[in-house]
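What follows is a short report on a single structure.
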């Protein structure tokens, strides 16, 4: 993104929290190149618009992103260069902290999901082992002519189940 | 009266009308002095108003103090300029009152113009330095030379007019270039600061539509959901009340901002009106008639009204 793209931003296109994170990251990245006062004003207005339009179910994260955006907007409108740079750095640090927290909670959710998946696989493996055992027992007690066919079918089923269990047991 | 006597009286009357008397320029000087006072009090009203606005967003109060200081400094330049306008007007009134013409008078008017230009931060160059001077400075240097070369008072004042108008333009341009952007930035930061304080409520309300639909469906299926829906509705009502408070603060900030902008525009207009009054003065000297400063006086009255408005907000 460049400063020339600011006029054409359509905030309504952004949906997920990640979309908003990426947009704010791009906008903050332009602060350094916005030196002329008209460019600074345009970027500041866009950052305020970001906060006006942003929306997410993750209220904590989106509110932190908005706060960082507005802090940067106000900093860009300062005439005092030293104050401006200091406040922009603070806004950027707030943004990084919000993203870090978001990453940590996303990674936590991923771990939770992986744990749940592992538990289900273990349960499936255990269930398959039981099934295999039962089928083997059944094939040993079949004595009729059809029993041979059934035993063969059971053998195939056992082999398929064993193959599936092997696959499930392989580490991801 | 004999026919000869009547003719002599007629000739005398025509001659007297032709020579006429120079107008009293004191009303022009007085109105200019009143304008300077009004500009000074306007600046105080503006800085006070900005300081009040800054206090609406405590985390940014320090930054506003700096901004108010910068605005104060910019305004001090304007006060200096308008005091220069008053001093110039006073000097011109003295020149007209003295009723003299010639080199000395032309020099006095030229020097007064130079002094006025310097209060607007336009350094009139010596001819050798013309190359590094601004366009305005070069223009004024040439015009002042024309003024100083004139010998009749009415010509002196007429030649001073383009210089006076250029200086008035510079003042108006400076207001557009420096003061108005400064006020605009302050206003936008005030609104941004106010919105920041209500961001959590705003985001809650924005995200509530989907959640509200889910809770309503749940309440239709299960009566236990009704309580949860009621609680959610209360939370939303509280957030909406908070946002109403935010919007009132923003409306107030917007009204104050508009009044400040109006005041700065009125001050630029007042400078232009002063230049027009100067044109009328030059014409009055040429036509030997009374000076009309009604518009300039009216402008000062309007300025005072605007100052009251800014203070009231």
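The values are calculated or read from the model by the stated rules, or taken from the named source; none is laboratory data. What you are looking at is a predicted structure, and each value in this text was computed from that prediction instead of being measured. Counting neighbours? That spans all protein chains shown, and the Cβs are built from the backbone with ideal geometry, glycine included.
I'd like the full set of residues that are in contact (Cβ under 8 Å) with a residue 24 or more places away in the chain, facing another protein chain (nearest Cβ under 8 Å) and closer than 15 Å to residue A:15 by Cα, limited to the range A:58-75. Result: A:62, single match.
Kindly indicate whether any position in the range B:130-153 is at pLDDT below 90 and under 19 Å from the mean Cα position of the chain (by Cα). The answer is no; no qualifying residue exists. Once the range B:34-60 is narrowed to residues that are within 12 Å of chain A (Cβ to nearest Cβ) and in a helix (DSSP H, G or I), the residue that is farthest from residue B:181 (Cα to Cα) is B:59.
When restricted to residues that are in contact with a helix residue (DSSP H, G or I) (Cβ under 7 Å, 6 or more places away or on another chain) and in a helix (DSSP H, G or I), the range B:277-312 contains 20. Considering B:185, B:192, the condition of being under 30 Å from residue B:273 (Cα atoms), facing chain A (nearest Cβ under 7 Å) and part of a helix (DSSP H, G or I) is satisfied by B:185 alone. If only residues of the range B:178-190 that are within 12 Å of the chain's Cα centre (by Cα) and surrounded by fewer than 19 Cβ atoms within 10 Å (Cβ to Cβ) are counted, the one that is nearest to residue B:253 (Cα to Cα) is B:180. From the list B:263, B:215, B:220, B:240, the lone residue that is over 30 Å from residue B:54 (Cβ atoms), touching a helix residue (DSSP H, G or I) at 6+ places or on another chain (Cβ under 7 Å) and in a helix (DSSP H, G or I) is B:215.
Conditions tested, residue by residue: (1) loosely packed, with under 13 Cβ neighbours inside 10 Å; (2) more than 14 Å from every other protein chain (Cβ to nearest Cβ); (3) at pLDDT 95 or above.
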{"position": "B:173", "(1), (2), (3)": "yes, yes, no"}
{"position": "B:197", "(1), (2), (3)": "no, no, no"}
{"position": "B:213", "(1), (2), (3)": "yes, no, no"}
{"position": "B:222", "(1), (2), (3)": "yes, yes, no"}
{"position": "B:230", "(1), (2), (3)": "yes, yes, no"}
{"position": "B:233", "(1), (2), (3)": "no, yes, no"}
{"position": "B:260", "(1), (2), (3)": "no, yes, no"}
{"position": "B:266", "(1), (2), (3)": "no, yes, no"}
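Results for (1) under 30 Å from residue A:32 (Cα atoms); (2) over 17 Å from the mean Cα position of the chain (by Cα); (3) modelled with pLDDT of 75 or more; (4) assigned by TED's automatic domain parsing to the domain that holds residue A:159, shown as yes or no for each residue.
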residue	(1), (2), (3), (4)
A:84	yes, yes, yes, no
A:88	yes, yes, yes, no
A:93	yes, yes, yes, no
A:102	yes, no, yes, no
A:122	no, yes, yes, yes
A:132	no, yes, yes, yes
A:138	no, yes, no, yes
